[in-house]
Amino acid sequence: MMSLRYNKHRLTFVCGSLLITVLFTIIPLVYAVIISLFSGRGSNLVFTGLENYQRMIYDDTLIKALINNISFSIILIPIILFISVHLANCINNLQSERIKGIYSIILFFPSITSPVAYAFFFRQLFAADGFLNKFIQMLNPNVEFINYLLTPIGANIAIIVVCIWAWSGYYTILLLSAMQSIDPLIYKAARIDGIGTFKILYKITLPILSPVLLFCSVMLSGGVFQLFAEILIISKGGPEHSTITLAYYLYQLCFQYIPQFGYAVSIGILILFISGIIGFIQLKLGEYKI
């Protein structure tokens, strides 16, 4: 009788979670797929089948946005993982738990800061009258002010710097938590055998943390393909679409120009599809290495 009552409670919790998933994930996704089969401007939508998906092949802006997303992924994922691993290792090697906690709070602070707030700060940093130009002028009074955000290279560097600053702390804390769960006797035995600090990191710690690194890589891939707020505030996709991303292009189609909801939704499904494919490939590669 008691077990029957517990089973009913379990079923209640499962049904609640299932209902939330259906209402806020499955139904919106199905509705999005249906809307992607319609074309038109504003509310004047006409069923056109797969025309929106065919249109993507000839959309130069979409192709540029996709290339930018891939480029950001290739640059950001290795850099952020490299920085996060070494920061987590440095904090983990500290003896004082209090100092570990202080550093963890400092590094996690960007993760709880609004993207709008720090994006505005970095926009001002790289502007023509921003802090960077003023600092350079202090070193060389004859130098001319440069608006870095009006050059493709400068705008891309600004976006990359912002993402590294904003995201590295979060993944550092994830990796630090995983490192602290490793048995200290493993490190003690390695040091007795005369293995150095860097060899311990690359030969012992990283192989043990490979599932966590894989998880971080998948999460970063999804984050890069959803890159939006930083683009909107810092560069607005410019100059010359050099920093436009799929998420920002979707926003333009929905809210900046005359709305093309069908085509915009099809781009959203493309983002979901690409993120899923990349995540699947990463998981398979991770299984192969393990």
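Overview of values
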| read-out | value |
| --- | --- |
| Rounded to whole Hz, the Karplus (6.51, -1.76, 1.60) HN-Hα couplings of the range 133-146, x for glycine and proline | 5, 5, 5, 5, 5, 5, 7, 9, x, 8, 6, 8, 5, 10 |
| Virtual spin-label span in nm between D183 and V116, 7 Å along Cα→Cβ | 5.1 |
| R0 of 30 Å, Cβ-Cβ distance W165-Q137: FRET efficiency to nearest 0.05 | 0.80 |
| Options A128, Y170, F145, ranked by Cα towards positive dipole end of the chain, top entry (Cβ charges) | Y170 |
| Signed unit charges on C-beta, dipole axis of the range 54-289, positive-most listed residue G276, Y118, I244 | G276 |
| Sites S96 and V46 - FRET efficiency at Förster radius 45 Å, r taken between beta-carbons, to 0.05 | 0.10 |
| Total charge dipole magnitude, the range 54-289, about the Cα centre, Cβ charges on Lys, Arg, Asp, Glu only, Debye to nearest 20 | 500 |
| Lysine pairs in the chain with Cα atoms under 25 Å, if 8 or more residues apart or on separate chains | 10 |
| Under 5 Å, built H, 5+ apart or other chain: amide partners of F38 | T48 |
| Neighbour net charge for I186 - beta-carbon separation under 12 angstrom, K R +1, D E -1 | +1 |
| Average Cα contact separation per residue, the chain, under 8 Å, 6 or more apart, as relative contact order % | 29 |
| Dipole in debye (nearest 20) - the range 162-290, about Cα centre, beta carbon charges: Lys, Arg +1; Asp, Glu -1 | 340 |
| Per DSSP, loop chymotrypsin sites (Phe, Trp or Tyr not before Pro) in the range 85-146 with at most 16 further Cβ within 10 Å | F145 |
| HN-Hα J in Hz across the range 163-173 - Karplus 6.51, -1.76, 1.60, θ = phi - 60°, x for Gly and Pro | 5, 4, 5, 7, 9, 4, x, 4, 6, 4, 5 |
| Förster radius 35 Å - calculated FRET efficiency between L11 and I75, Cβ distance, rounded to 0.05 | 0.15 |
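Every number here is computed from the coordinates shown, using simple stated rules; none is lab data. Quick caveat, the model's predicted, so the values are computed rather than measured. So basically every Cβ, Gly included, is an ideal-geometry build from the backbone, and we count neighbours across all protein chains shown.
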